[in-house]
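First the structure, in the form of structure tokens, and then the observations on it.
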Amino acid sequence: HEASAHAGVVLKQSLFGWPARISSRPPPWVTYTDPELAHAGLTHTERDQNTPSAQQRVYRWPFSELDRAVCESRTEGEIRVVTDPKGHILSVDILGQHAGELLAPWILAMEQKLPLSALANLSIPYPTRSEISKRVAGSVYTPRLYSGKMKRLVRWLQRWMP
């Protein structure tokens, strides 16, 4: 897939005169085992060189909490997303059935420098395995949803609403 990307740049530049360049990010990869293992973004070492591990945010979602995986009895694995403190996606690892196909929106998000909220706000068909991306991206909001401030707001609303 890297050779294809390089050929695309050559063709765009030489035949059409379009500006094109190779991404500076490490190429994504998939290990075709059962279940598959897929990765995009920085390696553990590269992440630690750019962002101290104490500042990295790790979000996980297991396939066992995904209705499609449960229906198919293929619940092994999880998705893990690592961001910097500002929410920029540093890396994504997916272990599970069809992990390679599930990696595509993450590659796009990293290439386009999209925030996690872009994936969290997607409307994903239900039940599909691709819903796992929306779930893990949305988990960034979990601490705020269950914060003391939110609990007080809910208690206040309950007093005024029947």
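The values are calculated or read from the model by the stated rules, or taken from the named source; none is laboratory data. Note that this is a predicted model, so its numbers are computed, not measured. With ideal geometry, Cβ positions are generated from the backbone for all residues, glycine too; neighbour counts draw on all protein chains shown. These accessible areas exclude ligands, DNA and RNA; they are computed on the full protein's heavy atoms, side chains included. Shrake-Rupley method; radii C 1.70, N 1.55, O 1.52, S 1.80 Å.
Of note:
- Here the relative contact order of the chain, from alpha carbon pairs under 8 Å that lie six or more residues apart, stands at 19 percent.
- Accessible surface of His88 - all protein chains present, 1.4 Å probe, nearest 10 Å²: 90 Å²
- Probe 1.4 Å, all protein chains present, accessible-area order of Phe16, Phe63, largest first: Phe16, Phe63
- Extension reserve of the Gln112-Glu65 stretch, reckoned as 0.36 nm per residue once the Cα distance is removed: 14.1 nm
- Along the chain, the longest continuous region that contains none of the trypsin sites (Lys or Arg not before Pro) in a DSSP loop with at most 14 other C-beta atoms within 10 Å is 22-85.
- Span from the the range 36-96 Cα centroid across to the the range 121-162 one, whole angstrom: 20 Å
- Projected label distance in nm at Asn50 and Ser14, using a 7 Å step from Cα toward the beta-carbon: 3.1 nm
- Extension gain, Leu153 back to Ala120 (0.36 nm per residue minus Cα-Cα distance, nm): 9.5 nm
- Accessible area, probe 1.4 Å, largest first, for residues Met161, Met110: Met161, Met110
- Mean-square fluctuations from a GNM of the chain, with a 10 angstrom spring cutoff on Cα atoms, peak among Pro28, Pro115, Pro127 at Pro127.
- Heavy atoms of Tyr126 accessible to a 1.4 Å probe, total area in Å² rounded to 10: 140 Å²
- Asp48 contributes about 60 Å² of solvent-accessible surface, heavy atoms of the protein only, 1.4 Å probe.
- Label corresponding to Cα extents along the principal axes in Å when calculated from the structure given, among (i) 51, 44, 26; (ii) 74, 53, 27; (iii) 68, 36, 32: (iii)
- Highest-MSF residue in the chain out of Ser130, Ser53, Ser147 [GNM, Cα springs under 10 Å]: Ser147
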